[in-house]
Structure formats: C-alpha cells, structure tokens
Amino acid sequence: MSLIDETALVLFSGGQDSTVCLAWALDRFAAVETVGFDYGQRHRAELEVRPRIRERMKALRREWAARLGDDHLIKLDALAMISETALTRDVAIEVAQNGLPTTFVPGRNLAFFAFAGALAYRRGAKCLVAGMCETDFSGYPDCRDDTVKAMQVALTLGMDRRVVIHTPLMWIDKAATFEMAQEIGGDALVDLLVEETHTCYLGDRSRRHPWGYGCGTCPACRLRADGFAKWKG
Ligand code: ZN
C-alpha cells in the first residue's frame, strides 16, 4: 500500500476498536500521533493500558516504530461533572427509558472531536482517525456516520482548514474488526488485541477469556466475545 504523506491523529482509548484504528493508521500514514481523554471514567483500565499498547505496536514493525509519534492525554473533567451515566457515576448499566444504555455520555464524542480537532490543528495533522461503528454498537447517536460527517464539516469550517475524519470500522461488525486486525498485523496484532486492549465497562482485568480480559457479561464484553466467536467460526 502506498503511504499517505499526511499526519494522522488517532483517537486512542486503549480499547480494541481504537487499537485496530491505530494499526490501520500506522499502515497508511507517514506520521501518526495518538490522543486519549481522561473524563473521569469510573474505571481507569483503558487509560492504563495505552502506553503498553503503543510500545508493543512499535515492536511489531520497524516502520511502525518510525511512524508513531507523540501521545497526548487531555483531561476533560468538565465532561464528568455534567454527566450522570454508568461510565462516570455509580449507576447500573442498563437500557434507560429513552432507549439508550446508561453508558451513554451525552455529547462525549462531540467533545472528543472538538478537542482532537484543535490538537490536530496545532500538530499540523489533517486527518483524524476514530473507531466509531454504526454496525453492531449500542446505538449511541454520536457514533453514527452522519454525526461524524457533520463534525468533519464543522471542524473544517470552524478552523478554516481541511479536516478529514476516517472511521475505518464504521460499517463492519466485531468479527470483521478481528479480521481487519489479522489482515493488517497478522497473529501478532490479534494477540496484542487479546492480551492488552481493554473494553470491559466494569474495568475487570482479572478474568482472561479467549477474546481477552473482562467480566464477560457487560454489553462491551458480550459484543467482543460474540465477535471473536463469529470470527473464529
Ligand atoms: Zn465486561
């Protein structure tokens, strides 16, 4: 694949999806940086696995090590202050009356994109890469393709500079995400996903399953387990 001579900023949480996005970006952009957001998540597991995933990613391929640049961690305490959800408060994970899971943090991804866009401007990065997926996720409205496209237009207009948001996982399911990882980085990348990434809503890293660590019962774990089983066939 020919290299795209641009800098990409990957929204990198330490979860499985954003780790596949990081590999996807390292495979095609000349320079790649990462950004994570600390918004008072009840469980710190995701943030804690980020540095190790970056190091292992660099060890996978020499050219990836050369392309992977700085990591940025942005504190968004204000988001926690205005949110009343299961991810930032002691609320049960369930489907609320409005049909959305209680894990939904209103406006979270919009805030992420606004800050990532500002950072990308500073870093001279034209491209943002994010792991939003409309296919088998919980129906979060700020993960939808229309929302992402609207943010791309808003950032491009609002900063008077072309911003392109890439969402390589938008139209594929979790099984296809494992397949994409296999195609990009082979068994070594799949192994990295299983061993190091964290998606469990409960922050459980004490139980190891064939598909990775997690409680095994929360919506994120179930999605990941089902995707892995389907991919393995
Ligand atoms: Zn879980």
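Bear in mind these aren't lab numbers, they're just calculated from the coordinates by the rules spelled out. In this text the structure is predicted, and so the values were computed from the model without any measurement. When we count neighbours, we look across all protein chains shown, and the Cβ atoms used for this are built from the backbone with ideal geometry, even at glycine.
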Residues D191 and T135, FRET efficiency given R0 of 25 Å [Cβ-Cβ distance, rounded to 0.05]: 0.55
Relative exposure of F115, F12, F228, judged by other C-beta atoms within 10 Å (fewest first): F115, F228, F12
Among G216, G158, G14: highest mean-square fluctuation, GNM of the chain, C-alpha pairs under 10 Å: G158
Separation in nanometres of the label points that stand 7 Å from Cα toward Cβ, at A65 and W171: 3.7 nm
Estimated distance in nm for a label pair at S206 and L76, the labels positioned 7 Å out from Cα along Cα-to-Cβ: 3.0 nm
Proximal lysines relative to K174, as straight alpha-carbon distance under 20 Å, when same-chain residues fewer than 8 apart are discounted: K230, K232
Likely footprinting exposure, V10, V49, fewest C-beta neighbours within 10 Å first: V49, V10
GNM top mover of A111, A120, A150 - the chain, alpha-carbon springs below 10 Å: A150
Paramagnetic reach from D5 in the stretch 27-42 [backbone N under 20 Å; point 7 Å along Cα→Cβ]: 27-33
Taking T199, T19, T147 and counting other C-beta atoms within 10 Å, the order from fewest to most: T147, T199, T19
